[in-house]
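Here is the structure we will look at.
Every number in this text was worked out from the coordinates using simple rules, so none of it is lab data. Since the structure is predicted, the reported quantities are computational estimates derived from the model, not experimental observations. Every residue, glycine as well, gets a Cβ built from its backbone with ideal geometry; the counts of neighbours run over all protein chains shown.
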Amino acid sequence: MDIEEVYESSKELLNASGKEGSDTEPILETEEIGSTSVKNANEVLTKFRAIIAEYLQGDTVLDGLDDVTKGVLGSYSLAGYLDYAIPSGKEIVVTKLLQHCCFQLQDFLRVSDGICYAHEEATTAVVQLIQMQLLNLYPKYSTQGYEALYSCPPTIYISPLCIPSLANAVCKKLGFPSSCVKVMKMNGHDLKKMEKSLQEDLAAKRVPLMIIASCGSHHSGQVDNLVGVSQLSQRFNAWLHLEGHLISHLSLHDQPKKTLQVADSLHLDLRQLLGIPSLPYVTMYRHCEIALQRAAYLTPSHCSPFSVVPLWFALQNLDSTTISNRFRSAVELSRMLINRLVTIPNIQIMSHVPKTIKPSSSTELKDTLTEDLESVQLGEVVDSKGEEISEVRKIVEEIGDLLERNESPMEDDGVTNVRDDDAELCDNEKTKPEVLMDSIVPVVVFQYRPKAKEIGECPGNLLDDLNLWLVQVLERACEEIHMDIIDIDDSGYALRFSPYDCKSFPTVDNLQKFLENLDQQLEILNATVDHKKTLNKIIEVSGGELQLVELPGWAGLGGVRYLPAAWRSNNTEQLPDQGKEEINRINRELVAKLKETDSAFSLGEGRDGLSCVRFGMVVAITDVEALANLVRQTGLDLEASTLALETMAVMIRKGIEEAQAELQRETEEKLWQEGLLRHIPVVGSLVNYFSPPQKTSIKGRCLNLQNGRIEKSDVMIHSVPVEEASDALDNQEMPLVANEEINDAPHE
């Protein structure tokens with residue numbers, strides 16, 4: 001079986017897997033494979049499909065895959081073939097393929113010469129880069145291990161915008177204590193704190209080993225201060241590693257100096273950027289000593305064929321124009337959304353907003369100006385960096401046989417070149433970090449927040465409910481634009497949009513439709529928040545008949561509870577069980593009554609577990625006072641009818657008791673009149689035989705609901721002999737023992 005057969009058979013397998021209910025033809029049939037083996041292979045494939053279909057609940061397994069994606073998925077078969085057919089020479093083939101990928105990515109991103117490393121896990125390359133730095137700065141680390149780090153322990157700075165599990169992965173895989181990894185914000189005022197922490201590390205004889213920053217978080221869309229972080233990394237001779245969406249923007253800007261390094265290493269997530277599943281992560285880093293690369297397992301020969309072969313196929317099938325158009329479309333869609341959001345006063349953008357886009361509020365403008373001032377101050381401090389560099393060298397020299405940094409090729413090729421290039425740039429030219437800071441991140445995160453004077457009246461959970469409602473409504477109204485809800489520290493829930501996360505890449509028309517729906521829903525949100533204050537005032541003057549109820553997880557106008565007159569209290573939790581049952585009953589009946597006129601009313605439950613009436617979202621023209629009065633009046637009517645029914649029930653109960661007492665008295669009088677002998681067994685039969693009793697009847701009783709009195713009715717109750725009753729039951733002609741004769745007079 002040759003390479004073409006393996007590749008074609010894998011593509012046929014993918015095509016066949018996308019057809020539901022179709023008969024599977026033998027895919028791997030050759031002269032050496034018998035029909036029994038093919039049949040068994042098809043049975044296994046059928047079972048595999050059934051398991052996937054059960055997980056996907058009947059959806060198509062390979063729905064919407066293009067030819068490029070199918071080719072990449074099929075290339076895994078070629079990777080397996082490469083691993084099996086030429087195990088001794090696969091490293092040469094993998095190195096050759098990875099070199100092609102590296103040249104293409106470097107030319108596309110306009111990055112100077114470097115090395116690419118493909119890996120499956122996101123944190124693999126970072127850990128190996130740290131190991132390479134340890135081997136470079138601590139020569140005895142390869143023989144003495146962690147004892148070489150004892151006198152001058154390393155420190156790694158990680159931005160919280162980076163991969164969430166990165167800090168734990170570094171500590172776990174390298175065996176570092178938590179004190180060696182510092183997670184610090186690298187923007188605004190926190191950049192000064194980071195600078196102070198670096199100075200404290202130097203004073204404590206700690207070596208700043210690496211700074212890991214984010215240039216466009218895929219989760220929050222925020223960006224670290226790349227200019228300040230780059231200056232700090234040069235000042236303290238720390239390795240700078242960048243990850244994020246803005247790395248792809250290097251291909252969209254014309255740089256005056258192609259050799260200008262933006263960082264020492266870059267992390268690329270091609271799965272998100274290219275929209276092709278199963279692609280590996282790629283880390284690009286500048287040239288170092290070959291011995292260090294091999295010791296840290298960062299050479300191309302250490303890459304797996306299952307990472308390199310799919311990457312090579314993807315880059316061969318996609319030209320630079322197609323990839324650039326995808327990046328440019330994502331940027332333009334994000335720019336279009338940001339330009340609209342900055343004009344809405346009740347929308348706060350949480351993600352990165354370039355300085356070229358004017359913020360909508362004075363608060364954001366103040367933050368931007370503050371950041372500019374801090375950058376200027378940081379630049380003034382960076383100019384005097386000779387003392388700190390000498391301190392770093394002093395600390396490193398305390399380690400026996402440690403290479404001096406001025407003799408390291410890493411410094412000569414990296415930091416020195418960066419500084420020389422910076423000196424050559426004209427005043428009107430921007431460096432790559434500055435260009436990236438002025439770029440749009442294709443991740444837009446925003447939050448609905450009422451006006452500043454209304455924020456104090458809206459608790460944090462209500463803001464979360466409003467944003468949850470907004471994302472749900474927008475998702476239903478425009479399915480082409482995928483919106484996520486994320487939780488941002490100290491800010492609550494926010495809406496997140498990224499073109500890369502949509503099922504199909506959205507168009508401008510899709511986004512325009514989304515913005516129109518957003519305007520409509522924001523009008524409803526603003527009206528609901530405004531009417532909440534009106535509802536609160538109405539309930540305050542209701543005289544205790546209505547009670548405002550806090551409904552967790554409800555974004556509507558709010559909840560209102562009607563309290564009966566007998567159980568009106570500000571603290572309903574202290575009411576007895578009878579009162580709680582009465583409140584629940586009347587509010588359930590109230591909701592059922594209101595639903596007959598308007599389906600917008602619904603039954604809710606407050607934190608105290610008692611029922612209430614829930615109001616949904618409202619518009620500006622909604623008369624909230626009329627709604628509250630409707631609930632109040634309906635509650636009063638139900639309470640009045642309930643009291644009438646209770647009074648009638650008491651009257652009926654009392655009348656029944658009186659009727660039973662009169663009937664019992666008449667029965668006793670009849671007993672004394674007939675004599676006791678008639679009721680004695682055997683003797684009573686003889687007495688009745690010689691002296692038959694007269695046929696008597698007892699008049700029934702009826703309850704007059706108008707005056708509540710018990711009156712005798714015209715219904716005559718006659719005694720029936722037991723034998724006649726038995727015959728009637730057998731013949732199914734008379735189902736009761738007692739017979740009633742009813743006149744034409746109606747009952748009252």
Quiz prompt | Per-bin percent of Cα-Cα distances, the stretch 263-302 [10 Å] | solution = 26, 44, 25, 5
Exercise. Mind checking the stretch 126-227 for chymotrypsin sites (Phe, Trp or Tyr not before Pro) that DSSP puts in a loop (not H, G, I, E or B) and that have at most 16 other Cβ atoms within 10 Å?
Key: Tyr150
Practice problem: Lys and Arg at +1, Asp and Glu at -1: add these up for the other residues within a Cβ distance under 12 Å of Ala477 and post the number. | Solution: -3
Self-check item: Local electrostatic count at Arg607 - Lys and Arg +1, Asp and Glu -1, tallied over other residues with Cβ under 11 Å
Solution: -4
Quiz item: So what's the net charge close to Ala565: Lys and Arg +1, Asp and Glu -1, counting the other residues with Cβ under 12 Å from its Cβ?
Solution: -2
Exercise. Would you mind checking which residues have amide H under 5 Å from Val207's amide H? H placed 1.01 Å from N; only 5 or more apart, or other chain.
Key: Thr155
Exercise. Could you tell me the distance between the Cα centroids of the stretch 97-161 and the stretch 269-347, to the nearest Å?
Key: 18
Self-check item: Residue pairs, from the table Lys355/Lys432; Lys532/Lys595; Lys185/Lys355; Lys70/Lys503; Lys140/Lys193, whose Cα atoms sit over 23 Å apart
Solution: Lys140/Lys193
Exercise. Based on other C-beta atoms within 10 Å, arrange Tyr81, Tyr448 from fewest to most.
Key: Tyr81, Tyr448
Self-check item: Extent along principal axes [Cα atoms of the stretch 79-147; Å; largest to smallest]
Solution: 43, 35, 20
Exercise. With a 10 Å radius around each residue's Cβ, average the other Cβ atoms per peptide and rank 487-494, 130-137, highest first.
Key: 130-137, 487-494
Quiz item: Using only the Cα atoms, what convex hull volume per residue in Å³ does the stretch 541-645 have?
Solution: 98
Quiz item: Gain in length, Tyr150 to Lys173, computed as 0.36 nm per residue apart minus the alpha-carbon separation, to one decimal in nm?
Solution: 6.5 nm
Quiz item: Across bins of 5 angstrom width beginning at 0, how are the C-alpha pair distances of the stretch 115-161 distributed, in whole percent?
Solution: 5, 17, 24, 21, 17, 13, 4, 0
Practice problem: Could you check what % of the DSSP bridge pairs in the stretch 150-299 are antiparallel, to the nearest 5? | Solution: 25
Self-check item: Additional length obtainable on full extension of the chain from Arg665 to Asp319, 0.36 nm per residue less Cα span
Solution: 113.8 nm
Exercise. In nm, give the distance between the simple-model label positions of Arg588 and Phe505, each being 7 Å from the Cα along the Cα-to-Cβ direction.
Key: 5.6
